[in-house]
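Everything below concerns the one structure shown next.
The values are calculated or read from the model by the stated rules, or taken from the named source; none is laboratory data. All values derive from a computational prediction rather than experimental measurement. Counting neighbours? That spans all protein chains shown, and the Cβs are built from the backbone with ideal geometry, glycine included. These area figures cover heavy atoms from the full protein model, side chains too; ligands, DNA and RNA do not enter into them. Shrake-Rupley method; radii C 1.70, N 1.55, O 1.52, S 1.80 Å.
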Amino acid sequence: MAGYGGYGGGDGGGFMSGSQQGGSQAGGSKYADESLRPVTIKQLLDWEEPYSGADPAIDGHPVTQVTIVGQVRSVKPQPTNITYRIDDGTGAIDVKKWVDSEAQGGEDGSGASAIAPDAFVRVWGRLKSLGGKKHVSANFIRQIEDFNEVNYHLLEATYVHLFFTKGAPGGGGVKQEGGGGDNMFVDQGYGAGGGDVAMGGAGPGGGNSAMQARLSTCSRNAQTMCNFINNSPGGTEGVNLHVIAQGTRMSTRDIVNAADELLGQGIIYTTQDDETWAILDY
């Protein structure tokens with residue numbers, strides 16, 4: 001994630017320097033300082049509009065443009081737009097791409113038939129709310145060819161979230177207390193617990209020594225799966241088997257066996273279905 005090397009600087013966490021004139025006065029464009037922020041769909045759905053027409057904000061910071069990565073669940077072509085239902089494992093949201101009637105084969109060289117259900121895509125656009133229902137108005141949609149981009153995006157979104165909620169890296173360590181605000185994690189945040197860090201994060205349960213003791217008796221696959229769920233932005237909705245397989249490179253059989261082991265230890269529980277799990281918070 002070399003592009004994030006400057007996050008500790010003046011612009012910070014995903015914000016680009018003003019793309020318009022830096023000397024704009026108060027009466028200038030409201031988007032004088034554009035931003036492009038990688039997010040999860042859960043973060044978009046968790047935003048509560050304080051009043052009609054309010055600008056979106058995530059982690060207490062305004063957001064003008066967002067990028068999400070997910071799987072297309074449905075495609076609904078209409079005369080003026082194409083509506084895609086996108087699911088990234090943390091939630092699902094409608095993405096509307098307006099049709100350029102003068103373009104051949106659709107804007108950006110891709111028509112409605114270019115992106116089919118079950119394809120993974122990256123979307124750039126703005127979060128909109130109409131009648132209390134949120135959607136993303138897309139500027140651009142691109143099908144993902146290299147699946148590593150899915151995992152890369154989740155890491156990007158996590159990094160930016162941590163920047164705004166925990167502070168810039170290199171500032172004497174990650175703050176583990178307080179912080180406030182919404183959380184994209186199951187427990188109190190990235191780095192809040194102890195235990196195995198096979199997935200680069202913390203064990204579940206924070207300071208719950210009993211849970212950590214049970215996890216330590218589990219197999220390596222079970223520990224890997226548990227820590228992936230713990231450090232994924234699934235919240236109480238849980239993380240699906242397919243997302244775990246993509247993120248850990250474990251086989252479906254290994255994940256199912258690991259899940260049975262963790263369920264037996266009382267560390268995880270099923271949520272939406274038998275293939276989606278969340279950490280049991282004590």
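At a glance:
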item: Count - residues of the range 60-82 that are farther than 13 Å from K96 by Cβ and of a type in the set (D, E, K, R); result: 1
item: Options A26, A92: the member that is out of contact with any helix residue (DSSP H, G or I) (no Cβ under 6 Å at 6 or more places or on another chain) and at pLDDT 50 or above; result: A92
item: Filtered residue count, the range 218-245, keeping only those that are at pLDDT below 85 and surrounded by fewer than 19 Cβ atoms within 10 Å (Cβ to Cβ); result: 2
item: Condition met for Q104 (farther than 18 Å from N240 by Cβ, in the same structural domain as Y51 (by TED's automatic domain parsing) and at pLDDT below 90); result: yes
item: Test result for Y159, at pLDDT 80 or above, among the hydroxyl-bearing types (S, T, Y) and open to solvent by 80 Å² or more (accessible area, probe 1.4 Å); result: no
item: Residue list for the range 231-275, filter: of a type in the set (G, A, S), touching a residue at least 12 places away in the same chain (Cβ under 8 Å) and assigned to a helix (DSSP H, G or I); result: G235, G247, A258, A259
item: Residues (aliphatic (A, V, I, L, M) and either at pLDDT below 90 or at positive phi (or both)) located in the range 122-152; result: L130
item: Residue within the range 45-54 that is in contact (Cβ under 8 Å) with a residue 40 or more places away in the chain, crowded, with 16+ Cβ neighbours inside 10 Å and assigned to a loop (DSSP other than H, G, I, E, B) present; result: yes
